[in-house]
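The values are calculated or read from the model by the stated rules, or taken from the named source; none is laboratory data. Values in this document were obtained by computation on a predicted structure and should not be read as measured data. As a convention, Cβ positions derive from the backbone with ideal geometry for all residues, glycine included, and neighbour counts pool all protein chains shown. These accessible areas exclude ligands, DNA and RNA; they are computed on the full protein's heavy atoms, side chains included. Shrake-Rupley method; radii C 1.70, N 1.55, O 1.52, S 1.80 Å.
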Amino acid sequence: MKSTDYLVVGAGTSGLAFVDTLVAESDVDVVIVDRRASPGGHWADVYPFVRLHSPSAYYGVNSLRLGHDQIDADGPNAGLYERATAVEIQDYFKTVVDQLEATGRVRVLLGHEHVGTEGETEIVRELSTGRTHEIPVRRRIVDARYLEASIPATHTPSFDVADDASFVPVHRLPDDAQSATSYTVLGAGKTAVDACLWLLENGVDEDRIRWVRPRDAWFHDRERFQPDDLVVDALDGFATDARVGATASDLEQMVEGLDEAGRIVRIDPSAPASMYRGGMLSAYEIDRVRQVEDVVRLGRVRRIERERLVLEEGELPTRGSLHIDATAAGLRLVPAEPIFSPRRMTLQQVRHKTPSFNAALLGFVEAHRADDEDKNRICPPNPYTTDIKDWARTVARTWRTEGGWRGEPDLQAWVASSRLNLMRALPAHLEEPRALAALGVYAEHVADAIVNLEQLAAADPAA
């Protein structure tokens, strides 16, 4: 097989967003390999009723709009920018692949896996035949799977399930729901919320739903992460973050300040919450799932049997309930690695909670900078979060990194124009009194917030 400049392992959101920007900004050849039969990474295997938790307007690849950048007029998402369905995203990434291959500089090998390296040659196996191919790589191999999501359809539950237990992974819920009269949702994150919402929206009374939440989670209010015509809401939220970050005396006060300001929300305001993965919910979704009052807090599930549910801190009768597994971790929690290293890149988060933007950003930096040390300075990795206390570390790292971009005018220009940048439309709104006020609060506090949040994070090893 002929040589290439880059071999990208993974045709998910990150791999495709990286390649899309790299080939737009440089004259290079790229081969993308992925084990799946279709592009889009974990989107090929998601549960059918999932939607983006954030607006479509800043998701996908930089060169191709996802959706229509419209605000929904009615329904659960009324007043907020549209969020793509699983099918829409799957179709979108097929179009992205067609667009990339049409350049004549990108080859996408689906149903293939990367199996090893021999000098400057990468070995790729075709899964359907077992045949291997040698691909000489002139510049880098790019790992776009380091942060690959763990999703219900492909993960292995951490608990035992008896052969005669009534149990389904969440992606099978629409097919199997009619077989049950009551339901037990397992998990506390966004997937579990989606499962409860699906049941409620499909006519299941809330008193027929039991929700096992080992620990409660913090979410963001989606209304405060809106782009384009609603971008001032996002700016106002970031100003609040800076004020809270600059003035909190410890991590507990930081969490209290974010909670009081509505920057983070929990389903049960009376229960302590600690888990934080950065998921977004609307006020409608929060109010809807609060109707489920049968909440079990007896630790993690240990075993599901036909007649009993065994948990860390007790057991309950199953009552003939269908148990719905929504316990997949979602974000892959791995240590930070240098993103740029000799002949290799490991795609990771730079700006927190914006995967498409991060991958495209790395494509731009790879195209326009020659020195790996300089690239790593511009784009330090910013690991995902598990606990709300991690917010201090990840937000401070984002702000410090973005501050460093002030000395990179070409990078600043690209960020300002990128459709993947949540704040792209802000310049058009800066004359509005509310925008000016929020910008003033942010500018007043952000420098102190960076220092204070870094100190708070360093003082608590658990964070």
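When 309, 298 are checked against the criterion of being among the aliphatic types (A, V, I, L, M), part of a loop (DSSP other than H, G, I, E, B) and over 24 Å from residue 9 (Cβ atoms), a single residue qualifies: 298. For the stretch 245-274, a tally of residues being touching a strand residue (DSSP E or B) at 6+ places or on another chain (Cβ under 6 Å), in contact (Cβ under 8 Å) with a residue 60 or more places away in the chain and among the small types (Gly, Ala, Ser) returns 2.
Taking the criterion of being in a loop (DSSP other than H, G, I, E, B), buried (at least 20 other Cβ atoms within 10 Å of the Cβ) and touching a residue at least 60 places away in the same chain (Cβ under 8 Å), would at least one residue in the stretch 353-363 satisfy it? Within the stretch 353-363 (the criterion being in a loop (DSSP other than H, G, I, E, B), buried (at least 20 other Cβ atoms within 10 Å of the Cβ) and touching a residue at least 60 places away in the same chain (Cβ under 8 Å)), the answer is yes, since at least one residue qualifies.
When the stretch 158-171 is filtered for residues that are out of contact with any Leu (no Cβ under 7 Å at 6 or more places or on another chain) and open to solvent by 40 Å² or more (accessible area, probe 1.4 Å), the ones remaining, listed by number, are 158, 160, 161, 163, 164, 167, 171.
Across the stretch 199-236, the number of residues qualifying as closer than 30 Å to residue 427 by Cα, of a type outside the set (Val, Ile, Thr) and part of a helix (DSSP H, G or I) comes to 10. Residue 187 meets all of the listed conditions (1) small (Gly, Ala, Ser); (2) open to solvent by 20 Å² or more (accessible area, probe 1.4 Å); (3) under 22 Å from the mean Cα position of the chain (by Cα); (4) at positive phi but one, namely (2). If you take the residues of the stretch 302-315 that are in contact (Cβ under 8 Å) with a residue 40 or more places away in the chain and within 14 Å of residue 166 (Cβ to Cβ), which of them is surrounded by the most Cβ atoms within 10 Å (Cβ to Cβ)? Among those residues, the one meeting the criterion is 309. Of note, residue 140 satisfies the criterion of being touching a helix residue (DSSP H, G or I) at 6+ places or on another chain (Cβ under 9 Å), open to solvent by less than 50 Å² (accessible area, probe 1.4 Å), more than 20 Å from residue 190 (Cα to Cα) and not in a helix (DSSP H, G or I). Among the residues of the stretch 255-280, the one identified as open to solvent by less than 10 Å² (accessible area, probe 1.4 Å) and of a type in the set (D, E, K, R) is 263.
Within the stretch 59-93, track down each residue that is at positive phi and surrounded by fewer than 16 Cβ atoms within 10 Å (Cβ to Cβ).
75, 79, listed by residue number.
Regarding residue 212, is this residue touching a residue at least 12 places away in the same chain (Cβ under 8 Å) and open to solvent by 10 Å² or more (accessible area, probe 1.4 Å)? For residue 212, the condition - touching a residue at least 12 places away in the same chain (Cβ under 8 Å) and open to solvent by 10 Å² or more (accessible area, probe 1.4 Å) - is not met.
Under the condition of being closer than 20 Å to residue 354 by Cα, open to solvent by 40 Å² or more (accessible area, probe 1.4 Å) and polar (S, T, N, Q), the residues counted in the stretch 406-463 number 2. Taking the criterion of being at pLDDT below 95 and basic (Lys, Arg), the residues of the stretch 281-336 that qualify are 319, 332. Among residues belonging to the stretch 94-120 that are assigned to a strand (DSSP E or B) and exposed (fewer than 14 other Cβ atoms within 10 Å of the Cβ), point out the one that is modelled with the highest pLDDT. Here the residue is 115.
In the set (1) in contact (Cβ under 8 Å) with a residue 60 or more places away in the chain; (2) out of contact with any Ser or Thr (no Cβ under 9 Å at 6 or more places or on another chain), residue 419 fails one condition alone, (2).
Among the candidates 239, 246, 283, which residue alone is in contact with a helix residue (DSSP H, G or I) (Cβ under 9 Å, 6 or more places away or on another chain), surrounded by 15 or more Cβ atoms within 10 Å (Cβ to Cβ) and over 21 Å from residue 422 (Cα atoms)?
Going through 239, 246, 283 in turn, the sole match is 246.
Pairs are defined by a Cβ separation below 7 Å, a sequence spacing of at least 6 or placement on different chains, a first member in the stretch 38-55 that is more than 21 Å from residue 201 (Cβ to Cβ), and a second member that is of a type in the set (S, T, N, Q) and open to solvent by 20 Å² or more (accessible area, probe 1.4 Å); the pairs so defined are 38/90; 40/90; 43/90; 44/38; 44/90; 45/154. Among the numbered conditions (1) open to solvent by 20 Å² or more (accessible area, probe 1.4 Å); (2) within 30 Å of residue 344 (Cβ to Cβ), the only one that residue 174 does not meet is (2).
When restricted to residues that are within 15 Å of residue 35 (Cβ to Cβ) and touching a Gly at 6+ places or on another chain (Cβ under 8 Å), the stretch 123-149 contains 9. Filtering the stretch 25-41 for residues that are open to solvent by 20 Å² or more (accessible area, probe 1.4 Å), over 25 Å from residue 122 (Cα atoms) and either of a type in the set (D, E, K, R) or at pLDDT below 95 (or both) leaves an empty set. Somewhere in the stretch 217-228, is a residue in contact (Cβ under 8 Å) with a residue 12 or more places away in the chain and surrounded by fewer than 17 Cβ atoms within 10 Å (Cβ to Cβ)? The answer is no; no qualifying residue exists.
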